[in-house]
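Data first, discussion second: the structure below is written as structure tokens.
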Amino acid sequence: MLRCSEADEALRAGSASFSPLRRGVLRQAAIALARVIDGAAWIGSRIPAWLAHGLAATGGNIQWALRPKRRRDLAANLCHAVGAPPDHPRVRAAVRRVMINESHAAADLLWAIGRPQEFLDTVVYKDWHHVDAAVGEGRGLILAGTHLGGWEVATAIPGARIPVPTNVIVADNWIAWAIEHVRADVGLRIMYRQAAALRSVRRLQAGEAVLLLGDNSEFAGHTHRVRFLDSQVEMAAGVAALARLAGAPIVSFTVLPLGPRRWRATMDPPIEPPSPDLGKAGEHAVMQQLADRWSDAIRANPDHWAMAAPLHWIDTTSEERPQQEPPG
């Protein structure tokens, strides 16, 4: 059987940048995809939930059968939540459930795009007083989530529930370009990851909110080694670095399904930003708090952790192996 650490190296090898020519082609593809998304949302928001989710279940199973690379990519991370090697039957079963749940979330995303107010009216909001309190302090607010559940489905929530402008940091790729108009229509300000650092600090200092997925927020340029799930990982420092530079509190959150077209958005108590004079040591302490929260949320909901991008897992088996005595 493969160890999780062995699968990670293969996963990381598939990540590469693209040329300006290819970028131009992808821009045109994004325009076409945006039109497809709009058409699919028009249809998806007008069919009954039972039909939409019946089709989603079928689509998720087909995706699982036809996309072996995605199965491997998910397993390389999900094995750490399940506590078994990536080719173990438990991990394979969890990967299948994740891919089916992704399809269910996609069905609800189309509904939420097509009928945003209907979506907002059905959301269950839990512990949102943490957001209200943090915003009231006027220091800005960092909303930090993971690739868990319905982070895309919840696009309309910040504009409706957060009383200050909300900026979202996203990857600079053709899928993000295609869905940019959806985010803008519900009041989100888009910042692409490569140019987000300084702009984010300025907007937080102006009292605004910044939303990002923290389990791979790489724009800070450095990482911190933290305990995460059953192992350790070099986790991108974006969330903590942003908090330290801007002096803004961090509120971690989850958006999880309660059933078809029914979601719950839960906010955690704020984490204070690291003191500027503590530097990266202060960032590390904050990143460990976040990693602990995210680990708890993922362990409780592994079937909704759709993280297929490579994480920098650390093989700790050699560190745990006792040193042999030198021959006498």
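The values are calculated or read from the model by the stated rules, or taken from the named source; none is laboratory data. Worth saying up front: this structure is predicted, and the values here are computed from it rather than measured. No Cβ is skipped: glycine too gets one built from the backbone with ideal geometry, and neighbour counts run over all protein chains shown. For the accessible areas, the whole protein counts, side chains as well, though only heavy atoms, and no ligand, DNA or RNA atoms are used. Shrake-Rupley method; radii C 1.70, N 1.55, O 1.52, S 1.80 Å.
For the reader, a short list of remarks on this structure follows.
- Single residue of segment 158-177 satisfying the filter (of a type in the set (A, V, I, L, M) and over 16 Å from the mean Cα position of the chain (by Cα)) that is surrounded by the most Cβ atoms within 10 Å (Cβ to Cβ): ILE162
- Conditions (1) of a type outside the set (A, V, I, L, M, F, W, C); (2) touching a Leu at 6+ places or on another chain (Cβ under 9 Å); (3) touching a residue at least 40 places away in the same chain (Cβ under 8 Å); (4) open to solvent by 40 Å² or more (accessible area, probe 1.4 Å); number of the one not met by PRO249: (4)
- Residue list for segment 35-53, filter: surrounded by 14 or more Cβ atoms within 10 Å (Cβ to Cβ) and of a type in the set (Gly, Ala, Ser): ALA40, ALA41, GLY44, SER45, ALA49, ALA52
So that you can scan it fast, the table gives a plain yes or no per residue for (1) assigned to a strand (DSSP E or B); (2) within 24 Å of VAL36 (Cβ to Cβ); (3) among the aromatic types (Phe, Trp, Tyr):
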| residue | (1), (2), (3) |
| --- | --- |
| ALA178 | no, yes, no |
| VAL182 | no, yes, no |
| GLN194 | no, no, no |
| LEU212 | yes, no, no |
| HIS224 | yes, no, no |
| GLN232 | yes, no, no |
| MET235 | yes, no, no |
| ARG244 | no, no, no |
| THR254 | yes, no, no |
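- Filter pass, ALA107 being out of contact with any Cys (no Cβ under 9 Å at 6 or more places or on another chain), surrounded by 16 or more Cβ atoms within 10 Å (Cβ to Cβ) and either among the hydroxyl-bearing types (Ser, Thr, Tyr) or at pLDDT below 95 (or both): no
- Residue match in segment 193-203 (condition: surrounded by fewer than 21 Cβ atoms within 10 Å (Cβ to Cβ) and within 30 Å of ALA57 (Cβ to Cβ)): no
- Every condition in (1) among the hydrophobic types (A, V, I, L, M, F, W, C); (2) in contact with a Gly (Cβ under 6 Å, 6 or more places away or on another chain); (3) modelled with pLDDT of 95 or more holds for LEU78 except the one numbered (2).
- Applying the criterion of being in contact (Cβ under 8 Å) with a residue 12 or more places away in the chain and of a type in the set (Gly, Ala, Ser) to the residues of segment 280-295, the residue that is nearest to ARG227 (Cα to Cα) is ALA291.
- Qualifying residue in segment 204-222 (condition: out of contact with any Gly (no Cβ under 9 Å at 6 or more places or on another chain) and buried (at least 19 other Cβ atoms within 10 Å of the Cβ)): no
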